[in-house]
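K.L.:
Below are the structure tokens for one structure; questions will follow.
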Amino acid sequence: DPIARRLAEKYHVIAPDLRGHGESSWSPQGYAVRAFAGDVTGLLGQMGIGPYYLVGHSNGVRVSIAIAGENPGQVRRMALSDAGPATSVEGARFMRDFIARNTNLRGFRDEHEVREFYVAQHPEWVEEFIDLHVQYQVRRNWA
């Protein structure tokens, strides 16, 4: 959201929630990169938008690469952040260790615990990023 606001000062920004992310529903069809890319290109096609600039962060990097690969005439330029087309050995180890550290989490009692978790994991993040993760990255359940 903060990055989209900044880009919107100069560009018309469309920031869709990918399936299973943000306020989008979870998808029983899964979360393959090509499915995400098809969702985005379908949206842009329905809106009659193109050619366009792409900005991809984290999982959005691979989605953007797939979009550019399958629709090269539609992508003017692309900016990628926090990932790349390949995963380094160091990056794979980091993710393996991150998942191992967090797999045993049974849940959080309240939003305060969620906030504490993200602050401990990412002390470098600005408050708004923490707020967004507390709001969108944890799914409430019956408990």
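Any read-out appearing in this document is the output of simple, stated calculations on the displayed coordinates, not a laboratory observation. It should be emphasised that the depicted structure is a prediction, and the values quoted were computed from it without experimental measurement. Methodologically, a virtual Cβ is constructed for each residue, glycine included, from the backbone with ideal geometry; neighbour enumeration extends over all protein chains shown.
K.L.:
Which percent of Cα pairs goes in each bin when the distances of the range 58-106 are cut into 10 angstrom slices starting at zero?
P.N.:
23, 38, 25, 13, 2
K.L.:
At 0.36 nm per residue, and after removing the present C-alpha to C-alpha distance, how many nm does the segment from Leu43 to His112 gain when stretched out fully?
P.N.:
Value of the extension gain: 21.3 nm.
K.L.:
In the range 104-143, what trypsin sites (Lys or Arg not before Pro) fall in a loop by DSSP, with at most 12 other Cβ atoms inside 10 Å?
P.N.:
Working: sites: Arg106, Arg109, Arg115, Arg139, Arg140; in loops: Arg106, Arg109, Arg139, Arg140.
Sparse-neighbourhood loop trypsin sites (Lys or Arg not before Pro): Arg106, Arg109, Arg139, Arg140.
K.L.:
Looking at the range 1-39, which trypsin sites (Lys or Arg not before Pro) are in a loop (DSSP not H, G, I, E or B) and have at most 15 other Cβ atoms within 10 Å?
P.N.:
Lys10
K.L.:
Taking amide H positions as placed 1.01 Å from N in the peptide plane, with prolines and chain starts having none, which residues 5 or more places from Val55, or on another chain, fall under 5 Å of its amide H?
P.N.:
Here Ala79 satisfy the definition.
K.L.:
Calculate the radius of gyration of the Cα atoms of the range 1-83 to one decimal place, then report Dmax, the largest Cα-Cα distance, as a whole number, both in Å.
P.N.:
12.4, 37
K.L.:
Follow-up question, since we're still on this one. Scanning the chain for GluC sites (Glu not before Pro) in DSSP loops with at most 13 other Cβ atoms within 10 Å, what's the longest stretch left with none?
P.N.:
No qualifying site falls inside 24-123, the longest such stretch.
K.L.:
Continuing with this model, one more query. How many angstrom separate the Cα center of the range 88-134 from the Cα center of the range 1-77?
P.N.:
Answer, in whole Å: 24.
K.L.:
Please get the size of the charge dipole for the range 1-83, origin at its Cα centre, with Cβ charges of +1 on Lys and Arg and -1 on Asp and Glu, quoted in debye to the nearest 20.
P.N.:
My answer is approximately 240 debye.
K.L.:
While we're on this one: Trypsin sites (Lys or Arg not before Pro), restricted to the range 59-101: which are DSSP loop and have at most 14 other Cβ atoms within 10 Å?
P.N.:
Filter output for the range 59-101: empty list.
K.L.:
Okay, helix-only estimate at 222 nm for the chain: each DSSP H run of n ≥ 4 adds -39500 (n - 2.57), divide by all residues, round to 500 deg cm²/dmol; what do you get?
P.N.:
-15000 deg cm²/dmol
K.L.:
Across the chain, how large is the tail of the calculated P(r) beyond 26 Å, expressed as a percent of all Cα pairs?
P.N.:
33
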